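Values quoted throughout were computed directly from the atomic coordinates according to the rules given, and no laboratory measurement underlies them. These figures come from a predicted structure and were not determined experimentally. Because the Cβ atoms are built from the backbone with ideal geometry, glycine has one as well, and the counts that use them run over all protein chains shown.
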Amino acid sequence: MQLYHHFPFIIIMLPMVMSVLILPFKNEITLRSISMLIQAICAALSFWLFASLLNSPVEYFTYQLGSFPAPWGNELRAGLIEAIMSGAFATVLFFSTMGGGQDTARDVKPGKRHYFYIMINLLTSSLMVLIYTNDIFTGYVFMEIHMLAACAILMAKESGETIKATIKYMCMSIVGSMLFLLSIAFLYGITGHLLMEPAKIVIARFAEAGLYWIPMVLTITLFSIAVFIKSSLLPFHTWLPDAHGYATTSVSAILSGVVLKGYVILLLKLIIRVYGIDVSDILGIMPAIFWLGLLSMTMGSLIALTQKDIKRMIAYSSVAHIGYIFMGIGFNTIFGFAAAGYHILAHAFSKSMLFIAAGRFINTAGGSKNIPDLVGVARKDKLAGVAFLVGALSLIGIPLFAGFPSKFYLATAAVREGQGIWIAVIVLAVSTLLNALYYIPTLQKFFSRDNAQEFSADYVPDKSSSIALVCLIIANIFLGVSYIPLISILERGFSFLG
Amino acid sequence: MLEALRSNYIEATALILFGIGLATLLWEKNLIKKIIGFNIMETSIFLFLTAKGYIAGRGAPIITDGITDVEYYINPLPSAIVLTGIVIAVSITAFMLALCLKIYDIYGTLDMDKITVMDMAERSED
């Protein structure tokens with residue numbers, strides 16, 4: 001066993017153990033630095049693991065937890081997909097924590113800051129488990145920890161609005177969790193396994209013999225609905241705008257950048273590793289995922305058009321982009337998954353940057369979130385203006401930025417499908433146009449010289465948020481330029497995930 | 001159909017309870033009732049799992065009198081899942097109750113409809 005085989009375990013346990021050990025610290029800067037250090041270590045180990053896997057003859061490995069071997073015990077699994085996703089998510093968490101630090105210090109009460117950072121660390125840990133786990137029930141347990149940690153950091157602002165948003169989020173999320181647990185009970189009832197590989201063998205046998213048809217359709221449907229609710233696909237999105245709109249800056253960035261995607265990764269692993277592409281194709285759930293994705297893409301953008309509140313507009317844009325990801329999954333081909341994976345990365349890096357930039361705009365404007373009050377704000381805070389520009393252009397899908405290759409590959413996946421899902425290409429184009437319709441006028445207002453608002457010079461953005469924005473801009477351009485190796489790596493990773 | 005119901009009456013009861021819990025969670029306006037609904041849902045799944053793991057005529061999966069033969073015990077894994085599930089249910093309930101305290105401090109009511117009305121009135125004043 002080589003050194004990098006232990007990395008997934010360390011990546012999970014380090015934030016979990018440190019979340020308890022940071023309790024004695026009270027100083028905000030110390031707490032934030034320790035949390036950021038942990039996230040940086042997680043990201044570095046993930047990329048090390050990624051590089052090792054890329055150069056090693058094995059494509060993936062499993063890591064046994066506890067003393068019971070495979071069909072009974074608990075396992076982690078690490079392959080290229082797991083490594084690249086955990087690395088990207090830890091990086092986004094790092095920059096989000098860094099970029100919103102000034103607002104966190106202001107919004108979270110002095111006596112409660114250590115609790116806030118405990119939750120940030122728990123969130124990091126549970127996110128990594130969702131990515132690396134090979135056991136369905138472990139996935140459920142950490143889904144709950146993920147939800148509780150996300151709710152806790154959301155309510156950390158302790159205003160009436162955030163607490164109401166948290167309750168909404170909890171009530172919706174709980175429904176999802178319960179459906180997930182019920183589905184696990186059914187799946188365990190028919191297969192007798194909780195680990196993904198043994199369950200897949202049994203399911204393949206059932207599919208061949210035509211046994212247990214209804215329970216299998218039921219379980220995959222329940223798993224999908226649970227993830228739809230938790231990652232806010234359109235008919236289940238009602239909790240998202242409040243949660244992302246009222247939270248403090250770094251929490252908004254974390255919630256939309258990584259929290260939503262952790263569940264999507266888990267669903268991808270369930271579809272590919274438990275049911276398998278062929279069986280899930282016969283079970284008939286994939287068209288539902290595809291059509292809901294299309295609905296979410298258009299409706300999310302249409303609702304975003306009507307928003308006056310800058311943070312709510314970005315939040316509704318998240319609904320649209322989650323739709324892109326689910327549309328890619330709905331193709332049910334390796335290339336479709338790879339394109340969806342690329343969009344997960346592109347959206348994580350763009351959306352966290354948009355929220356950090358919006359947070360700085362709101363501070364410059366003295367706390368107003370209304371777009372009319374923010375006219376000309378990008379001239380005052382130029383760096384945040386450039387970051388917002390890059391983020392918006394990336395999400396619209398302009399070449400050179402992260403969103404272009406992902407949209408291009410989603411369209412390619414649609415055409416490659418064979419039957420030629422032209423509706424996907426048409427909706428992709430319409431949705432891109434709608435994206436442009438709300439981002440471009442907003443950008444115009446932010447950069448406008450005419451009837452610009454007067455902004456007081458009270459607020460000086462701190463250096464760390466500037467560094468975070470610059471790094472995120474670089475990451476966006478990197479994702480937008482080096483897409484050829486990245487997509488082939490994602491394709492290779494997904495083809496070995498099964 | 002009726003025969004299937006009779007042999008699986010515990011699972012059927014569990015699903016009916018799940019429905020009751022879901023309806024309570026979604027349609028009740030009072031937050032405490034929502035929490036009760038969530039607990040009914042969670043407990044119904046525990047009932048389902050326990051019923052799945054039970055094998056008639058066998059004992060609880062704790063080694064007694066030094067007997068280690070598998071034939072004497074029921075399937076321990078669903079019981080372990082239920083135990084973990086109880087811990088999760090307790091933490092979610094505790095968190096929700098804490099949120100209820102906070103929201104009662106701010107709005108003076110636990111009725112979500114009234115809270116929404118109060119918020120809208122506040123916004124129209126701005």
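List of remarks:
- The residues listed here are B:T84, B:T93, B:T109; of these, the one that is polar (S, T, N, Q), in contact (Cβ under 8 Å) with a residue 40 or more places away in the chain and on the phi < 0 side of the Ramachandran plot is B:T93.
- Apart from one condition, A:L211 fits all of (1) more than 13 Å from every other protein chain (Cβ to nearest Cβ); (2) in a helix (DSSP H, G or I); (3) not aromatic (F, W, Y); the exception is (2).
- Hits in the stretch A:372-384 (condition: buried (at least 19 other Cβ atoms within 10 Å of the Cβ) and over 13 Å from A:F455 (Cα atoms)): A:A384
- Single unsatisfied condition, A:G330 versus (1) touching a residue at least 60 places away in the same chain (Cβ under 8 Å); (2) of a type in the set (G, A, S); (3) over 25 Å from A:L123 (Cα atoms): (1)
- Single residue of the stretch A:213-239 satisfying the filter (among the aromatic types (F, W, Y) and crowded, with 19+ Cβ neighbours inside 10 Å) that is farthest from B:L49 (Cα to Cα): A:W239
- Considering only residues in the stretch A:138-161 that are more than 10 Å from chain B (Cβ to nearest Cβ) and closer than 16 Å to A:D242 by Cβ, the one that is surrounded by the most Cβ atoms within 10 Å (Cβ to Cβ) turns out to be A:A150.
- Residues in the stretch A:272-288 that are small (G, A, S) and assigned to a helix (DSSP H, G or I): A:G276, A:S280, A:A288.
- Only residues that are touching a residue at least 24 places away in the same chain (Cβ under 8 Å), in contact with a Leu (Cβ under 7 Å, 6 or more places away or on another chain) and over 18 Å from A:L130 (Cβ atoms) were counted in the stretch A:155-170, giving 3.
- Each residue in the stretch A:71-114 was checked for being under 19 Å from A:Y60 (Cβ atoms) and either charged (D, E, K, R) or in contact with a strand residue (DSSP E or B) (Cβ under 9 Å, 6 or more places away or on another chain) (or both), and 10 of them qualify.
- Restricting B:T84, B:T116 to those that are over 24 Å from the mean Cα position of the chain (by Cα) and polar (S, T, N, Q) reduces the list to B:T116.
- Selected residue (only one of B:A80, B:A89 is closer than 24 Å to B:A14 by Cβ, more than 7 Å from chain A (Cβ to nearest Cβ), surrounded by 13 or more Cβ atoms within 10 Å (Cβ to Cβ) and in contact with an Asp or Glu (Cβ under 6 Å, 6 or more places away or on another chain)): B:A89
- Among the residues listed as A:F361, A:F401, A:F355, A:F388, the single one being surrounded by 19 or more Cβ atoms within 10 Å (Cβ to Cβ) and not in a helix (DSSP H, G or I): A:F401
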